[in-house]
Amino acid sequence: MLKVKVVGTGSFLPPNRVTNFDLAERMDTSDEWIRSRTGIHTRHLLDPGAPPAQMGVEAARAALAAAQLPPAQVDVLIAATNVSEQPVPGTAPHIAAGLDLPNEPAFLDLKAGCSGFVYGVALAGAALAAGVFRCALVVGIEALSRFVDWTDRRTCVLFGDGAGAVVLTPSPDEAAILGVSLHGDHGKLALLRVEAGGVRLPASVDTVKKGLHFLKMEGEGVFRAAVPMMEQATREALHQAGLAPQDITWLIPHQANLRIIRPLAARLGIPEERVVINIDRVANTSTASIPIALDELRRAGRLSPGDVVALTAFGAGAAYGTVILRW
Ligand code: ACO
């Protein structure tokens, strides 16, 4: 469908690895509760004071090295993230500065909840196929540890920090983005939200006192919406590609919760050995989760040319979508 391919992947996890047992020392929770409800054993958290964009710089450097392309080649940089480095400017310019990209490429932040990376790959792919750009760097980056309420055990145990990146270039002879399905259900705005700090409710002493800068989640609602959304988008993208679920070599779902990933795979009829799961080690890294999982799969030598890879996500908004790649 789109004559564009992924030529490099990279990822970065901050070194501070925090186990469920570590959390149980700080709050009223347990390894058993977290593991059985989510599949999470550990997560990596960014040190206080460390600049989040540096995670994106490291992931992007690794992706460019894997692609054997110099930074000068990049002519568009998309940073998919829920919470930017600072309100103005966003994360992408900080990553461009950290990489010292020499050719003043286009850069932008893309906010589509945990689906931002999937959206970014689809939109960068379309722009490359149309000839607008020649080399795109798409980075999924998240430091939600800075935005969760560490006194709210219902949310803080779920998330980890990290970044992942891919380099995309046109591939004149073959279509490697085979199918794309992107959607948003605006009826579900309240499922995942940070209420204050934007223009609707600017930061004030009162909003800080009320904890309105923290991420809030309707866990039950997310749980019920996630599986049908990702299934629908995956079936639509497969249909566009002229493929069926059994043609998928690797399903890489957003790593929100093992209890979401497993029913999704079951509904699509994809056996667990073809589902990429790393939530046990890295928890939910939001829009970074898919590129981190993709990079780990590649570095483990488990991706072969011709493999069909389905990237599927859902998240705040509620934005959801799937991209089908031919590796
Ligand atoms: N440790 C121990 N007990 C806890 C914890 C915790 N970390 N968190 C909640 N509990 C307690 C609650 O206080 C409650 O106790 P109570 O009945 O005495 O009040 C009990 O456990 C059940 O709480 P629920 O919130 O109902 O827990 P539930 O079984 O629904 O699981 C969860 C919560 C895992 C978030 C679930 O709703 C879920 O899987 N939701 C899907 C959403 C999700 O995974 N989101 C990830 C992020 S969103 C995204 O990526 C797009």
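Of all beta bridges that DSSP places with both ends in the chain, some 70 percent have antiparallel geometry.
With contributions of -39500 (n - 2.57) from each DSSP H run of at least four residues, the per-residue ellipticity at 222 nm computed over the chain stands at -10000 deg cm²/dmol. Taking θ as phi - 60° and the Karplus parameters 6.51, -1.76 and 1.60, the scalar couplings of segment 291-307 work out to x, 5, 5, 4, 5, 5, 5, 5, 5, 7, x, 9, 9, 10, x, x, 4 Hz in sequence order, x denoting glycine and proline.
Distance between the C-alpha centers of segment 1-31 and segment 173-223? Whole Å please. Cα centres, segment 1-31 to segment 173-223: 20 Å. Ordered by the count of other Cβ atoms within 10 Å of each Cβ, fewest first, Cys114, Cys135 give Cys135, Cys114. Out of every Cα-Cα pair that the chain contains, those further apart than 38 angstrom amount to 9 percent. Near the amide H of Cys114, within less than 5 Å, lie the amide hydrogens of Gly315, Ala316, all on another chain or at least 5 residues away, with H placed in the peptide plane.
In debye, nearest 20, what is the charge dipole magnitude of the chain about its Cα centre with +1 on Lys and Arg Cβ and -1 on Asp and Glu Cβ, if you could check?
400
Shape class for segment 248-327, computed from the alpha carbon gyration tensor (a ≥ b ≥ c): rounded, with a/c under 1.5.
Rg over Rh for segment 1-148 works out to 1.04, using Cα positions for both radii and the Kirkwood form for Rh. For every other residue with a beta carbon closer than 11 angstrom to the beta carbon of Ser171, add +1 if it is Lys or Arg and -1 if Asp or Glu, then tell me the sum. Net charge around Ser171: +1. Near Ala80, the amide H atoms lying under 5 Å from its own belong to Leu110, Val139, Gly140, Ile141; only residues 5 or more places off or on other chains count, and H is placed 1.01 Å from N.
Close amide-amide hydrogen proximity is noted between Val148 and Leu215, each under 5 Å apart and 5 or more residues distant or on a separate chain (H modeled in the peptide plane; Pro and chain starts excluded). Cβ crowding within 10 Å ranks Phe214, Phe12, Phe117, Phe21 as Phe21, Phe214, Phe12, Phe117, fewest other Cβ atoms first.
For segment 177-326, just run the numbers: alpha carbon Rg, then divide by 2.2 N^0.38 Å, N being how many residues it has.
Details: Rg = 17.0 Å, N = 150, 2.2 N^0.38 = 14.8 Å.
Working it through for segment 177-326, the quotient is 1.15.
Residue-wise HN-Hα couplings along segment 195-203, as the Karplus relation 6.51 cos²θ - 1.76 cosθ + 1.60 with θ = phi - 60° gives them from phi, are 7, 10, x, x, 7, 5, 9, x, 4 Hz; Gly and Pro carry x.
The numbers here are math on the coordinates, done by the rules we state, and not lab data. Here the structure is a predicted model, which is why all the values come from computation and not from measurement. Methodologically, a virtual Cβ is constructed for each residue, glycine included, from the backbone with ideal geometry; neighbour enumeration extends over all protein chains shown.
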